[in-house]
Amino acid sequence: MPKTLLMLPPQGDKTRDWARRLAAAHPQAEIIAPETMEGAEQAIAGADAAYGTIPPALLARAQNLKWLQAPQAAPPAGFYYPELVAHPVEITNFREIYNDHIGAHILAFVLAFARGFQVYIPQQMRREWKQAERETGDVVNLHEATALIVGVGGIGSEAARLCAACGMTVIGLDERRQDKPPGVAEMYRADALDAQLPRADFVILTVPHTPETEGFMNRTRFQRMKKTAFFINIGRGMTTRLDDLVAALQAGEIAGAGLDVYEKEPLPADHPLWTMPGVLLTPHTAGHGPYLEERRFEVLSDNTRRFLAGEKLRNVVEKSRWF
C-alpha cells in the first residue's frame, strides 16, 4: 500500500498547491488535503505522515503516524505538548531557510550601532544637526570588536561569517555544536554564557524559545555585559525579559539594543522601548525575503522523498527541547 501524507487543515492556496505538487513529484505516495477537521479525523487513522499542527484529540486517533513536518522553523509555544513529545512520531521543521535573510538583518543592526545610527536616526526626525566627537563618539571599531553569538545553527553561522568578514572576533555558544564554522574564533557550550558575556561588544541571540531559553536573558545577565555593549535579539521574544532589558538600558548597564522579536507581539504602543535612546526596533521582519515559500516546499518535498525511501529525515527536532 502507498504511504499517506496528510496535509492538516486549515487549507489555503499554498497548501492546496503544495498537495498537488507533492502528488506529482511523489506518485508512489497518497497526498490527502482535507478542507475540514472532520475530514482530517477520518484520514488520520491511516496517515503515515502529516504536515501542519496536530491537536491532541487528533493525535490520539493516529495509529500509524511516523513523521510530522512542523509548519514553522520554530513553532510557537504549545506546539510540543506532552502527548506529542511522548509520541514516537518523528518531527522535522523548516530551519535553515532563513539563514541569508536573518544574517543580513543581524549585520544591519551591528553596522547601525557601529556607526551610531541609533543616535542619528532620532536626530534626523528632529531635524537636528549634531556631530559626535570625531575620534571617540558613536563609533565602534569593528576590527577591535567582539561579537558573542548565542546559538550557532544556520542563522548564527551566517551571522558569524558576516561579522568576521567585517573584521570582528566572533565567539560562538551552542548547546549542540562543537565544531567551529567559518568565522568563529572560539566555540563554547551554552553553560559558558555568563563567563563570555563580559567579553562581547555585541551580544547576538539567534536561539529558539525552549524550556531552557525562556527568559534566560535577564537583568543579571545584562549586568554582566559591558556598559558599552549592544544587545541584539532576532531569535524568539520569549528568551528575553523586556522589563529587565528596559531597566538595564535606563540604568546605563548596556549601550543599546536591536530587537526584531518581543515577549508580546505586536509590541504594545505604550511600551517604553519605542522611544528609548539607543534602541532600534523592527517588527519581526528579520526573516523576510524572497524564495521562502519555495524553500519551505523544497524541505517538505525532500523529506517526503526521504520518508518514502526510508532515509534519514532533514531538520529532525529533539521534541522535549522543541528544536
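Can you tell which of 195, 164, 45 shows the greatest fluctuation in a Gaussian network model of the chain with Cα springs below 10 Å?
195
Can you work out the FRET efficiency for the pair residue 16 and residue 275, with r the C-beta to C-beta distance and R0 = 51 Å, to the nearest 0.05?
About 0.70, to the nearest 0.05.
Work out how much length residue 179 to residue 250 would gain on full extension: take 0.36 nm times their residue separation and subtract the Cα-Cα distance, in nm to one decimal. Don't jump to the answer; show the numbers that get you there.
On the way: separation 71, 0.36 × 71 = 25.56 nm, distance 3.79 nm.
Stretched fully, the residue 179-residue 250 segment lengthens by 21.8 nm.
Quick one: putting +1 on the C-beta of Lys and Arg, -1 on the C-beta of Asp and Glu, what dipole do you get for the chain around its Cα centre, in Debye to the nearest 20? Please list the in-between numbers first.
Numbers: 35 positive and 39 negative charges, 64 e Å.
In debye, rounded to 20, the chain gives about 300.
Assuming 0.36 nm per residue, please report the length gained on full extension of the stretch residue 1 to residue 166 beyond their Cα-Cα distance.
On the way: separation 165, 0.36 × 165 = 59.40 nm, distance 5.54 nm.
Going from the current span to full extension adds 53.9 nm.
Determine ³J(HN,Hα), in whole Hz, for all residues of segment 208-224 in sequence, where each value follows from phi through the Karplus function 6.51 cos²θ - 1.76 cosθ + 1.60 and θ = phi - 60°; x replaces Gly and Pro.
Taking θ as phi minus 60°, the curve returns x, 7, 9, x, 7, 8, 4, x, 6, 8, 10, 4, 4, 6, 4, 6, 7 Hz for segment 208-224.
For a quick check: sort 105, 87 by the number of other beta carbons within 10 angstrom, fewest at the front.
Numbers: 105 23, 87 18.
Ordered from fewest to most neighbouring Cβ atoms within 10 Å, 105, 87 come out as 87, 105.
Sort 301, 157, 320 so that the residue with the fewest other Cβ atoms within 10 Å of its own Cβ comes first and the one with the most comes last. Numbers along the way, then the final one.
Numbers: 301 15, 157 25, 320 11.
Sorted ascending by nearby Cβ count, the order is 320, 301, 157.
Looking only at 248, 286, 309, which one moves most when the chain is put into a Gaussian network model with springs between Cα atoms under 10 Å?
So, out of 248, 286, 309, the one fluctuating most is 309.
Across 10 Å bins from the origin, how do the percents of Cα pairs in segment 103-237 run, short distances first?
Bin by bin from 0 Å, the calculated values are 12, 43, 32, 11, 2.
When the Karplus curve 6.51 cos²θ - 1.76 cosθ + 1.60 is applied with θ = phi - 60°, which whole-Hz ³J(HN,Hα) does each residue of segment 89-105 get, with x for Gly and Pro?
Once rounded to whole Hz, the list reads 4, 8, 10, 10, 10, 9, 5, 5, 7, 9, 3, 5, 5, 6, x, 5, 5.
Just subtract the alpha-carbon distance of residue 136 and residue 312 from 0.36 nm times their residue separation and send over the number in nm, one decimal.
In short, 58.0 nm is gained.
Taking 7 Å along the Cα-to-C-beta vector as the label spot, tell me the residue 129-residue 227 distance in nanometres, rounded to one decimal.
3.3
Under a 10 Å cutoff between Cα atoms, tell me which one of 181, 34, 268 has the largest fluctuation in the Gaussian network model of the chain.
Sorting by GNM fluctuation, first place goes to 268.
For the chain, find the longest principal axis of its Cα atoms and tell me its angle to the long axis of helix 154-165, 0 to 90°, nearest 10.
With rounding to tens, the tilt is 30 degrees.
What are the residues whose amide H is under 5 Å from the amide H of residue 256, where those residues sit 5 or more places off or on another chain and H is modelled from the backbone?
It is 231, by chain and number.
Could you list the square roots of 5 times each eigenvalue of the Cα gyration tensor of the chain, that is, the equivalent ellipsoid semi-axes, sorted largest first and rounded to whole Å? All intermediate terms of the calculation are to be shown ahead of the outcome.
On the way: eigenvalues 347, 77, 68 Å².
Values for the chain, descending: 42, 20, 18 Å.
Coordinate-derived values only; no laboratory data. All values derive from a computational prediction rather than experimental measurement. Virtual Cβ from ideal backbone geometry, glycine too; neighbours counted across all protein chains shown.
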